[in-house]
Amino acid sequence: MAKRSDNVTKGVERAPMRSLFYAMGYTKEELERPLIGVVSAHSEIVPGHMNLDKITEAVKAGVRMAGGTPIMVPSIGVCDGIAMGHVGMKYSLASRELIADSVETMAMAHQFDGLVLVPNCDKIVPGMVMGAVRLDIPAVVCSGGPMMSGLVGGVETSLSKMFEAVGARKAGIIDDAGLEEFEQNVCPGCGSCSGMYTANSMNCLCEAIGIALPGNGTIPAVHSNRIMLAKHAGMAIMDLVEKDITARQIINEKSIRNAVACDMALGCSTNSVLHLLAIAHEAGVELNMEIFNEISAKTPNLCHLAPAGGTHMHDLNFAGGVQAVIAELNKKGLIDTSLITANGHTVGENIEGVKIKTDAIRPIEEPFSESGGLAIMWGNIAKEGCVVKRSAVAPEMLQHTGPARVYDCEEDAIKDIYDGKINDGDVVVIRYEGPKGGPGMREMLNPTSALAGMKKDKTVALITDGRFSGASRGASIGHVSPEAASGGNIGLIREGDIIEIDIPAGKINARVSDEEFAERRKTYVPREPNIRHGWLYRYSKMVGPSSKGAVMLET
């Protein structure tokens, strides 16, 4: 059977191409084998990516063992933690589209027969998957693995507590020495930050959707099993290439619904909604906000990892990992076990004999809640929906009514929070931070963590057309759509308007009549994006709504 790579290696006409391969030291024998693109996000600016050179080499070893020729190509990757709270965060979500485009570009330009995607953090994981699904060629994801938790004051901790410590310092709850102790100890080494934040959420969901091997989401970055997993990923891609099992054969409507169910059971980041919507878009699968709520309503929440609880990714790994969660969900028929996965086995075959080993995963008969970790809400300020990580909301904040404190950017809101100007009962509204208005839909970990660090996460809610980090906790309601820059009613809210939040009922409304909103709209002029140059400005003109995954529109 002809290979895709024959377009650059076979025949008289391809002699110039072969000469360029020989210039890099490839041999005739290597060019006879399938060419496998190993897309590596290794860099020296992201803790989750600093070890990807080791993972990449292990993947390449696996490809060679199985008879292929591995070829490493690079990917960019933003560290969300370092980009947080300044203009850099505007580039994070938007970079997902660049990554997808670059995967498409490198694979098509060089005619790879298959891809092993080696990401680890936030937007890099879905960006690579989007590119592979768009191409519909054989592909396997092999992440770099989660970071171990840190230790502060004898208590296991992670990056979310670091951000909260800033709020505690601003409130005088801890001193400079206490802050320094957090700085030095919360992130002990390489890997994606150790809670169920966005990076680990997406790495777990890659496993649940079937595009990654069992263990991808939870084996710690520092464990030898992570290197073994990478070698097996290299072997697996060769099997997929031989059988011509492509990305869309693995990622389809049924496997995406499996992933959403796992999302709810694990209590993943709200960003997972954006990314699953975007992946579904590339796969040509209909997925909408209603489907998330439909699956959430019947899927118990089995895990409370940081920031929702005190357990971390290595605890989930020791408890049996994602496969144990899938096995629990299967007890109630919530998983389609017939689907093929990247290791050539079905979902059902992968979970044979798998059981929960520790209490980091609750049995499905004794869940944290009968419904999922995420909730979608609608109302007169979110007519196309908004998202909250329900599992990380204190019970007393599941229903909340209070006056709006309105800000047109994150910086203004965080200043008032740090200055002690936010009162118990307030509802902080941060707008013009959506995909179009930001531009770039920034994460709001600074304000949510400041409120938590000041002990206000149980008294103050926060609503935005931007996003929240997976490390955020409390009544942090994001992805409000339509966003302010697109004329959404969030742009019409005024200081002091009463906001009613009812998470169990899926409702969020301002006590403002339709007539009053219509009157306000007569004089309303949406604010222009505050970046008006470069590719991010082009992004602001082309990006779609968060309710559809904030993907770039093709026309």
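The values are calculated or read from the model by the stated rules, or taken from the named source; none is laboratory data. Given the structure is predicted, the values throughout are model-derived calculations rather than measurements. Using ideal geometry, Cβ is built from the backbone for each residue, glycine included, and neighbour counts are taken over all protein chains shown. The accessibility values were calculated without ligands, DNA or RNA, using every heavy atom of the protein model including side chains. Shrake-Rupley method; radii C 1.70, N 1.55, O 1.52, S 1.80 Å.
Here are some notes:
- Of all residues in the stretch 539-555, those satisfying the criterion of being out of contact with any Leu (no Cβ under 7 Å at 6 or more places or on another chain), of a type outside the set (A, V, I, L, M) and either outside any helix (DSSP H, G or I) or open to solvent by less than 50 Å² (accessible area, probe 1.4 Å) (or both) are TYR539, SER540, PRO545, SER547, GLU554, THR555.
- Among (1) within 23 Å of ALA212 (Cβ to Cβ); (2) open to solvent by 30 Å² or more (accessible area, probe 1.4 Å); (3) of a type in the set (S, T, N, Q) - the single one GLN323 does not satisfy: (2)
- Qualifying residue in the stretch 62-71 (condition: within 26 Å of HIS275 (Cα to Cα), small (Gly, Ala, Ser) and either assigned to a helix (DSSP H, G or I) or touching a strand residue (DSSP E or B) at 6+ places or on another chain (Cβ under 9 Å) (or both)): no
- Residue-level check: of (1) open to solvent by less than 10 Å² (accessible area, probe 1.4 Å); (2) over 20 Å from the mean Cα position of the chain (by Cα); (3) within 21 Å of THR341 (Cβ to Cβ), GLY150 misses just (3).
- Options ILE499, ILE493; residue that is at pLDDT 95 or above, in contact with a strand residue (DSSP E or B) (Cβ under 8 Å, 6 or more places away or on another chain), among the β-branched types (Val, Ile, Thr) and more than 23 Å from PRO395 (Cα to Cα): ILE493
- Just one of the listed residues (ALA265, ALA280, ALA259) is under 23 Å from ILE477 (Cβ atoms), open to solvent by less than 10 Å² (accessible area, probe 1.4 Å), touching a Pro at 6+ places or on another chain (Cβ under 9 Å) and not in a strand (DSSP E or B), and it is ALA265.
- Wholly enclosed helices (runs of 4 or more DSSP H) of the stretch 134-249 bearing at least 1 residues at pLDDT below 95: 159-170
The rows are residues; the columns are (1) under 16 Å from ILE71 (Cβ atoms); (2) out of contact with any helix residue (DSSP H, G or I) (no Cβ under 6 Å at 6 or more places or on another chain); (3) buried (at least 21 other Cβ atoms within 10 Å of the Cβ).
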position	(1), (2), (3)
HIS86	no, yes, no
SER92	no, no, yes
ARG96	no, no, yes
ALA107	yes, no, yes
GLN111	yes, no, no
LEU115	yes, no, yes
PRO126	no, no, yes
VAL129	no, no, yes
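- LEU115 meets all of the listed conditions (1) under 17 Å from GLY470 (Cα atoms); (2) assigned to a strand (DSSP E or B) but one, namely (1).
- Residues within the stretch 487-528 that are touching a helix residue (DSSP H, G or I) at 6+ places or on another chain (Cβ under 6 Å) and of a type in the set (D, E, K, R), tallied: 1
Residue-wise test of (1) assigned to a helix (DSSP H, G or I); (2) under 30 Å from ASP239 (Cα atoms); (3) in contact with a Phe, Trp or Tyr (Cβ under 6 Å, 6 or more places away or on another chain).
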residue: ASP315; (1), (2), (3): yes, no, no
residue: GLN323; (1), (2), (3): yes, yes, no
residue: ALA327; (1), (2), (3): yes, yes, no
residue: GLY344; (1), (2), (3): no, yes, no
residue: VAL354; (1), (2), (3): no, yes, no
residue: PRO363; (1), (2), (3): no, no, no
residue: GLU366; (1), (2), (3): no, no, no
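Yes/no per residue for (1) under 30 Å from ALA283 (Cβ atoms); (2) surrounded by 23 or more Cβ atoms within 10 Å (Cβ to Cβ); (3) not hydroxyl-bearing (Ser, Thr, Tyr):
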| position | (1), (2), (3) |
| --- | --- |
| GLY167 | no, yes, yes |
| LYS170 | no, no, yes |
| CYS187 | no, no, yes |
| ASN203 | yes, yes, yes |
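- In the set (1) in contact (Cβ under 8 Å) with a residue 40 or more places away in the chain; (2) open to solvent by 10 Å² or more (accessible area, probe 1.4 Å), LYS415 fails one condition alone, (1).
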